[in-house]
Amino acid sequence: MASTSNGTPKPARCYTRKSTEEGLNQDFNSLDAQRDAGTAYIRSQAGEGWTLLPDQYDDGGYTGANMDWPALRRLLADSQAGKVDCVVVYKVDRLSRSIRDFAKIMEIFEKHGTTFVSVTQQFNTTTSLAARGKNSFLVS
């Protein structure tokens, strides 16, 4: 994510998901670890205009086999409303395990100007070169 042409920072938000409820009652769980990694990544990009917004999009105990998750629905609605400029995840499969569902999500993001970054994988649509790579990923 970069600043707008007038230098105004754009919002970045973290999305987390864990397939089972196991361990979610712990003081520090998988969702917290994913969010910490995403937050650290966003903060590391502050010089490029990234800014972390406090909204949390956490889906704990939801399988990756479908897209029926409350936080994801809210994230997609916020993207469509222009409230989300960049979504940061720990790993691509936290957003979806299905290539078809992932492509649907990316289509919504692209249509509404929302970029996407996976912290632990080489997946980042914040640059035009990376966006072209996303298209190759989805086609292959």
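The values are calculated or read from the model by the stated rules, or taken from the named source; none is laboratory data. What you see is a predicted model; the values in this text were computed from it and never measured. When we count neighbours, we look across all protein chains shown, and the Cβ atoms used for this are built from the backbone with ideal geometry, even at glycine.
Which of the residues that make up the stretch 80-119 are free of Cβ contacts under 8 Å to residues at least 60 places away in the same chain, closer than 19 Å to T39 by Cβ and surrounded by 20 or more Cβ atoms within 10 Å (Cβ to Cβ)? Break it down into steps so the answer makes sense when it comes.
Going residue by residue through the stretch 80-119, those that are free of Cβ contacts under 8 Å to residues at least 60 places away in the same chain are 80-82, 91-93, 96-114, 116, 118.
From what is left, the residues that are closer than 19 Å to T39 by Cβ are 91-92, 114, 116, 118.
Those that are free of Cβ contacts under 8 Å to residues at least 60 places away in the same chain, closer than 19 Å to T39 by Cβ and surrounded by 20 or more Cβ atoms within 10 Å (Cβ to Cβ): T114, F116, S118.
Given D36, D27, which one is among the charged types (D, E, K, R), without any contact (Cβ under 8 Å) to a residue 60 or more places away in the chain and either over 29 Å from S98 (Cα atoms) or in a strand (DSSP E or B) (or both)?
Criteria check complete, one pass: D27.
Would you mind telling me which numbered condition in (1) modelled with pLDDT of 95 or more; (2) in a loop (DSSP other than H, G, I, E, B); (3) among the aliphatic types (A, V, I, L, M) V84 fails?
Going through (1) modelled with pLDDT of 95 or more; (2) in a loop (DSSP other than H, G, I, E, B); (3) among the aliphatic types (A, V, I, L, M) one by one, V84 breaks only (1).
Conditions tested, residue by residue: (1) over 15 Å from the mean Cα position of the chain (by Cα); (2) at pLDDT below 95.
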residue	(1), (2)
S19	yes, yes
E48	yes, yes
D55	no, yes
R74	no, no
D93	no, yes
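Which of the residues belonging to the stretch 21-39 are out of contact with any Leu (no Cβ under 8 Å at 6 or more places or on another chain) and surrounded by 12 or more Cβ atoms within 10 Å (Cβ to Cβ)?
Once the filter is applied, which keeps residues that are out of contact with any Leu (no Cβ under 8 Å at 6 or more places or on another chain) and surrounded by 12 or more Cβ atoms within 10 Å (Cβ to Cβ), the stretch 21-39 yields E22, G23, N29, D32, A33, Q34, R35, D36, A37, G38.
Restricting to the stretch 41-72, what's the tally of residues that are part of a helix (DSSP H, G or I) and either of a type in the set (S, T, N, Q) or within 13 Å of D101 (Cβ to Cβ) (or both)?
Summing the residues that are part of a helix (DSSP H, G or I) and either of a type in the set (S, T, N, Q) or within 13 Å of D101 (Cβ to Cβ) (or both) in the stretch 41-72 gives 2.
Among the listed residues Y57, Y90, Y41, which satisfies the condition of being under 20 Å from N124 (Cα atoms), of a type in the set (F, W, Y) and in contact with a Gly (Cβ under 9 Å, 6 or more places away or on another chain)?
Selected residue: Y90, the only one of Y57, Y90, Y41 that is under 20 Å from N124 (Cα atoms), of a type in the set (F, W, Y) and in contact with a Gly (Cβ under 9 Å, 6 or more places away or on another chain).
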